[in-house]
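Engineer: Got a structure here, written out as structure tokens. Questions coming.
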Ligand SMILES: Cc1cc2nc3c(=O)[nH]c(=O)nc-3n(C[C@H](O)[C@H](O)[C@H](O)COP(=O)(O)O)c2cc1C
């Protein structure tokens, strides 16, 4: 059953949430067993309503029904399209066919073309400039161009009366979250994890643009007491907003958690698995936060979760094998994503195993040397560990502990 829920966030600001528990791979890429919501917002003013974004097209019917319960469609004066990715824009197509829908569509100048090429609809469109203001009745809006969060046409909208920032994908999270988070204690570790995972998967590639957008917000010194993203919970209250802005900056800058180690390994027949088992026997301590992601014959962790956890790791350990005279294929894929989404300065320890020619070691070193990661130490093992390998592994493990400040 397709559900679009309606809740009042504030008097005159209503969220319509399409609840997607069935999706398996967001963007056909990211594993999200926790599900996702697509949030659209209705802002009521004394002179009519404004709609912010829509929801994914497979919810269009339920969305239009829900919208009709909230507002007379003739009363919607504007639809602000803050981002054209179809999970937010595609129900505009259904709306545009309704005879009682007469709203003008507002967006970044690039959005006009995308409405045509992605949705194939003709709408009354007006582009908005960076910093442009719009007043409707008792409400004043300010549009901010925030390019590449995570498409070129992304904008935020500030509603002065509520100190509200409508941010579409930025500050969003996976999961079917509570409607609002209005207290720092409700900004749970679990929710922050879904937010960080979303950041890493979707926005991480554009870290520099995140910093630019955060700087822009602080320069403008806008009243910020509410963030309404298009996935996840509405963030309410100056404290919560401040904390989330801080988290975003630290993820964008790649600030590591003090004692966090992320281990990624693949293992076809158990050689790398045995090496990691030995490494873990040394580095697993109560005060070390070790996260292991493995790709083996009986288990595959989610790539989406790996990226979400690695973003604030202090140290990365990568263990993999040579396969067909190259790097094990899954590792190539993971490394490509890692470098695209989370290429920040941090130490990486490399372990490779091989049968007759360690091509994986050579190739991985060539890739890593061009990245921001610092290859701290490398261990190449001819499948079974020798006494010398064991000594080197022990040295590597102790060096990791020293780097973490754990003795
Ligand atoms: C299908 C397959 C292809 C392999 N290709 C190579 C290769 O091209 N060069 C090499 O030196 N070893 C190769 N090996 C050997 C593995 O790299 C080696 O046994 C390694 O230790 C396996 O580690 P794992 O069980 O942790 O994945 C191959 C093994 C398999 C099963």
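The values are calculated or read from the model by the stated rules, or taken from the named source; none is laboratory data. Small disclaimer: the values here were computed from a predicted structure and weren't measured. Every residue, glycine as well, gets a Cβ built from its backbone with ideal geometry; the counts of neighbours run over all protein chains shown.
Engineer: Between residues in segment 240-258 that are without any contact (Cβ under 8 Å) to a residue 40 or more places away in the chain and residues that are outside any loop (DSSP other than H, G, I, E, B) and loosely packed, with under 15 Cβ neighbours inside 10 Å, which pairs lie under 8 Å by C-beta distance while being six or more apart or on different chains?
Structural biologist: Partner pairs satisfying both residue conditions: 249/211.
Engineer: Any idea which of (1) away from the ligand (no atom under 16 Å from the Cβ); (2) modelled with pLDDT of 95 or more is the one residue 345 doesn't satisfy?
Structural biologist: Evaluating residue 345 over (1) away from the ligand (no atom under 16 Å from the Cβ); (2) modelled with pLDDT of 95 or more leaves (2) as the failure.
Engineer: Which ones in segment 315-336 are farther than 23 Å from residue 290 by Cα and in a strand (DSSP E or B)?
Structural biologist: Of everything in segment 315-336, those that are farther than 23 Å from residue 290 by Cα and in a strand (DSSP E or B) turn out to be 322, 323, 326, 327.
Engineer: Same structure again: Yes or no: segment 372-379 includes at least one residue that is assigned to a loop (DSSP other than H, G, I, E, B), away from the ligand (no atom under 16 Å from the Cβ), within 29 Å of residue 207 (Cα to Cα) and touching a helix residue (DSSP H, G or I) at 6+ places or on another chain (Cβ under 9 Å).
Structural biologist: Taking segment 372-379 as the starting set, the residues that turn out to be assigned to a loop (DSSP other than H, G, I, E, B) are 372-373.
Within this subset, residues satisfying the condition of being away from the ligand (no atom under 16 Å from the Cβ) are 372-373.
Filter once more, so that each one left must be within 29 Å of residue 207 (Cα to Cα): 372-373.
Okay, now just the ones that are also touching a helix residue (DSSP H, G or I) at 6+ places or on another chain (Cβ under 9 Å), so 372-373.
Looking for residues that are assigned to a loop (DSSP other than H, G, I, E, B), away from the ligand (no atom under 16 Å from the Cβ), within 29 Å of residue 207 (Cα to Cα) and touching a helix residue (DSSP H, G or I) at 6+ places or on another chain (Cβ under 9 Å), one finds at least one in segment 372-379, hence yes.
Engineer: Here is a further query. Residues that are surrounded by 18 or more Cβ atoms within 10 Å (Cβ to Cβ), out of contact with any helix residue (DSSP H, G or I) (no Cβ under 6 Å at 6 or more places or on another chain) and more than 22 Å from residue 46 (Cα to Cα): does segment 132-144 have at least one?
Structural biologist: Within segment 132-144 (the criterion being surrounded by 18 or more Cβ atoms within 10 Å (Cβ to Cβ), out of contact with any helix residue (DSSP H, G or I) (no Cβ under 6 Å at 6 or more places or on another chain) and more than 22 Å from residue 46 (Cα to Cα)), the answer is yes, since at least one residue qualifies.
Engineer: Follow-up question, since we're still on this one. Does residue 300 qualify as being surrounded by fewer than 21 Cβ atoms within 10 Å (Cβ to Cβ) and within 26 Å of the chain's Cα centre (by Cα)?
Structural biologist: Answer is yes for this residue.
Engineer: Moving to a separate point now. Among the residues of segment 3-23, which ones are without any contact (Cβ under 8 Å) to a residue 12 or more places away in the chain and touching a strand residue (DSSP E or B) at 6+ places or on another chain (Cβ under 7 Å)?
Structural biologist: Result: 8, single match.
Engineer: Related question: Taking residue 164, is it crowded, with 24+ Cβ neighbours inside 10 Å and out of contact with any helix residue (DSSP H, G or I) (no Cβ under 8 Å at 6 or more places or on another chain)? Step through it out loud before you land on a result.
Structural biologist: Numbers: crowded, with 24+ Cβ neighbours inside 10 Å: yes; out of contact with any helix residue (DSSP H, G or I) (no Cβ under 8 Å at 6 or more places or on another chain): yes.
Considered against the rule, which asks whether it is crowded, with 24+ Cβ neighbours inside 10 Å and out of contact with any helix residue (DSSP H, G or I) (no Cβ under 8 Å at 6 or more places or on another chain), residue 164 comes out as yes.
Engineer: Might you let me know whether segment 83-96 holds any residue that is modelled with pLDDT of 95 or more, closer than 23 Å to residue 174 by Cα, under 22 Å from the mean Cα position of the chain (by Cα) and assigned to a strand (DSSP E or B)?
Structural biologist: No, segment 83-96 has no match at all.
Engineer: Given 351, 330, which one is outside the structural domain of residue 194 (by TED's automatic domain parsing) and either more than 16 Å from the ligand (Cβ to nearest atom) or surrounded by fewer than 18 Cβ atoms within 10 Å (Cβ to Cβ) (or both)? Can you show your working first?
Structural biologist: On the way: 351 fails: either more than 16 Å from the ligand (Cβ to nearest atom) or surrounded by fewer than 18 Cβ atoms within 10 Å (Cβ to Cβ) (or both).
Checking each option against the conditions leaves just 330.
For (1) assigned to a loop (DSSP other than H, G, I, E, B); (2) in contact (Cβ under 8 Å) with a residue 24 or more places away in the chain; (3) touching a strand residue (DSSP E or B) at 6+ places or on another chain (Cβ under 7 Å); (4) within 16 Å of the ligand (Cβ to nearest atom), each residue gets a yes or a no:
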| site | (1), (2), (3), (4) |
| --- | --- |
| 338 | no, yes, no, no |
| 356 | yes, no, no, yes |
| 360 | no, yes, yes, yes |
| 364 | no, yes, yes, yes |
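Engineer: Could I ask something else about it? Given the residues 227, 211, which is the only one that is free of Cβ contacts under 8 Å to residues at least 60 places away in the same chain and in the same structural domain as residue 27 (by TED's automatic domain parsing)? If you could, list the steps in order and put the result at the bottom.
Structural biologist: Working: 227 fails: free of Cβ contacts under 8 Å to residues at least 60 places away in the same chain.
From the options 227, 211, the qualifying one is 211.
Engineer: All but one of (1) surrounded by fewer than 19 Cβ atoms within 10 Å (Cβ to Cβ); (2) closer than 23 Å to residue 304 by Cβ; (3) touching a strand residue (DSSP E or B) at 6+ places or on another chain (Cβ under 9 Å) hold for residue 229, so report the exception by its number.
Structural biologist: If we test residue 229 against (1) surrounded by fewer than 19 Cβ atoms within 10 Å (Cβ to Cβ); (2) closer than 23 Å to residue 304 by Cβ; (3) touching a strand residue (DSSP E or B) at 6+ places or on another chain (Cβ under 9 Å), just (1) comes out false.
Engineer: Next up: Of the conditions (1) closer than 15 Å to residue 397 by Cα; (2) away from the ligand (no atom under 16 Å from the Cβ); (3) without any contact (Cβ under 8 Å) to a residue 60 or more places away in the chain, residue 277 fails just one. Which one is it?
Structural biologist: Answer for residue 277: the failing condition is (2).
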